[in-house]
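Quick one: the structure is below, questions incoming.
The values are calculated or read from the model by the stated rules, or taken from the named source; none is laboratory data. Everything numeric here is computed off the predicted structure, so don't read it as measured data. Cβ placement follows ideal geometry from the backbone for every residue including glycine, while neighbour counts extend to all protein chains displayed. Calculation scope for accessible area: heavy atoms of the full protein, side chains included, ligands and nucleic acids excluded. Shrake-Rupley method; radii C 1.70, N 1.55, O 1.52, S 1.80 Å.
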Amino acid sequence: QLGLHPEGSPVPLALSKCHLHPNAAHEVFQAILAAARAEKCVSWDERTGRGWLCQLVLRSSRPKATTDDVEVLATLVTVEEAPRDILDRVAAVAMKTLPQLVGVTWSKEGGETTVQSPSWRSFG
């Protein structure tokens, strides 16, 4: 399932806000989450080795002294086989929606499918 996950759990938490990130980063998270759901992105399940969207990494700038504007860079972390056309559409929708999102990058280093077998991180 797509969403904010506690460490070691495939089930997302029902959070309306993350207090660790600035509001701009949370807005980017919500926009990318909505676009990913609309595109039927398949979240990576480390227990089974299925899916392809592993993580969303957000980096935000510090607000400038003269303004509260924060810029955010997003990285979609996937397995190598992730469908590039879907990733491009998710990025385009989010970039069009939010001026604080200055870029979306892609890392195909997620999932570790070639290194580990399914359920290598599972407990119990």
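Which count do you get for residues in region 90-124 that are among the aromatic types (Phe, Trp, Tyr) and either at pLDDT 50 or above or open to solvent by less than 80 Å² (accessible area, probe 1.4 Å) (or both)? Even if it seems obvious, please write down each step before you answer.
Just the residues of region 90-124 that are among the aromatic types (Phe, Trp, Tyr), to begin with: 106, 120, 123.
Still in the list and also either at pLDDT 50 or above or open to solvent by less than 80 Å² (accessible area, probe 1.4 Å) (or both): 106.
The total comes to 1.
In addition: What's the total number of residues in region 29-59 that are more than 17 Å from residue 13 (Cα to Cα), open to solvent by 50 Å² or more (accessible area, probe 1.4 Å), assigned to a strand (DSSP E or B) and at pLDDT below 90?
The total comes to 1.
Okay, moving on. Out of (1) aliphatic (A, V, I, L, M); (2) at pLDDT 90 or above; (3) more than 20 Å from residue 90 (Cβ to Cβ), what's the single condition that is false for residue 13?
Of (1) aliphatic (A, V, I, L, M); (2) at pLDDT 90 or above; (3) more than 20 Å from residue 90 (Cβ to Cβ), only one is false for residue 13: (2).
Still on this structure, I have one more. Residue check: is residue 40 of a type outside the set (Ser, Thr, Tyr) and at positive phi? First the steps, then the outcome.
Details: of a type outside the set (Ser, Thr, Tyr): yes; at positive phi: yes.
Answer is yes for this residue.
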